[in-house]
């Protein structure tokens, strides 16, 4: 209940799980995870979410890949096309888009802790964030999304709105207080960890909408590149401008075919340059919502749960290398 007269009670059920296999050989440690690294995958739902993961069916494959990584080659420092999907692309969206469009960050409210954003007010509807293939939205109504609710914690109904459309930056995540700096209307993105916390601008579900290609087409159109999977490390500056990600595993692509396994791959980039290089996004058949159960922000710290829908995407001439 709030001073505006809102009396709202919402009940949500979240479930998640994951497995990992770790191999140690001659002092080298390699890990493979399924369906995602770190905390697995999470969705709004009950035990049917766990059953659908087919954890046992994938356990042997994951263990085998962890062992195979010891013999895999390392990636040379160079530039090449990369293909991202699954939880790694979800994390890319989370870090380089989701946080960057939080309007309170833009206004400096988080500058002493979580940072600011390169997407300053003068760039609203006046800035190219990525290629025409890039369409990013926030959607607090997504089926099974961790960031889904009927209302946010200011009593505003959840909705869907564009953040980046055809590569152009068009909207922020905002609450009722910060919305006046954009178009005056909250998009239901003011959330609190609990009853004793002050609502602040947070992600709901942030999605990269599907395109027209298939994963097979993205691979076959790549002369020399790499397909990367499952995060092992990440780093991004406080403006969400310069980033580096490490992955558990990669597979080289040569003349449109998957070839050798690669261990400890990394990639790095500048956010708008990286998304400007997006040359293809796979279709709705390969699109899936992933869950992030531990997004932290604020002082005192508030941890909330958010969702990210992605398929597969290809990015051209990205700087890649190997983690130390």
All conditions in (1) assigned to a strand (DSSP E or B); (2) under 15 Å from the mean Cα position of the chain (by Cα); (3) closer than 20 Å to residue 213 by Cβ are true of residue 275 except (1)
Find the residue count for the stretch 36-55, including only residues that are closer than 30 Å to residue 195 by Cα, outside any strand (DSSP E or B) and at pLDDT 95 or above. 6
Residues of the stretch 35-53 classified as surrounded by fewer than 17 Cβ atoms within 10 Å (Cβ to Cβ) and within 26 Å of residue 260 (Cα to Cα), total: 1
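Among the residues of the stretch 1-35, count how many are over 30 Å from residue 195 (Cβ atoms) and assigned to a loop (DSSP other than H, G, I, E, B). Outline the logic, then answer.
Our first condition is that a residue be over 30 Å from residue 195 (Cβ atoms); within the stretch 1-35, this holds for 19-35.
Checking which are assigned to a loop (DSSP other than H, G, I, E, B) leaves us with 26-27, 35.
Adding up the residues that qualify gives 3.
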Residue count for the stretch 133-187, restricted to those that are more than 21 Å from residue 3 (Cα to Cα) and in a loop (DSSP other than H, G, I, E, B): 20
Pairs needed: first member in the stretch 210-239, closer than 20 Å to residue 308 by Cβ; second member anywhere, assigned to a loop (DSSP other than H, G, I, E, B); C-beta distance under 6 Å; at least 6 residues apart or different chains. 210/283; 210/287; 210/311; 211/133; 230/37; 231/37
Considering the stretch 255-295, residues that are in contact with a strand residue (DSSP E or B) (Cβ under 7 Å, 6 or more places away or on another chain) and free of Cβ contacts under 8 Å to residues at least 40 places away in the same chain, and then whichever is farthest from residue 76 (Cα to Cα), we arrive at 270
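Being surrounded by 11 or more Cβ atoms within 10 Å (Cβ to Cβ), closer than 25 Å to residue 228 by Cβ, at pLDDT 95 or above and under 19 Å from the mean Cα position of the chain (by Cα) narrows it down to one of 16, 86, so name that one. Walk me through it before giving the result.
Numbers: 86 fails: at pLDDT 95 or above.
Just a single option satisfies the conditions, and that option is 16.
The values are calculated or read from the model by the stated rules, or taken from the named source; none is laboratory data. Everything numeric here is computed off the predicted structure, so don't read it as measured data. FYI the Cβ positions are ideal-geometry reconstructions off the backbone, even for glycines, and counts take in every protein chain you see.
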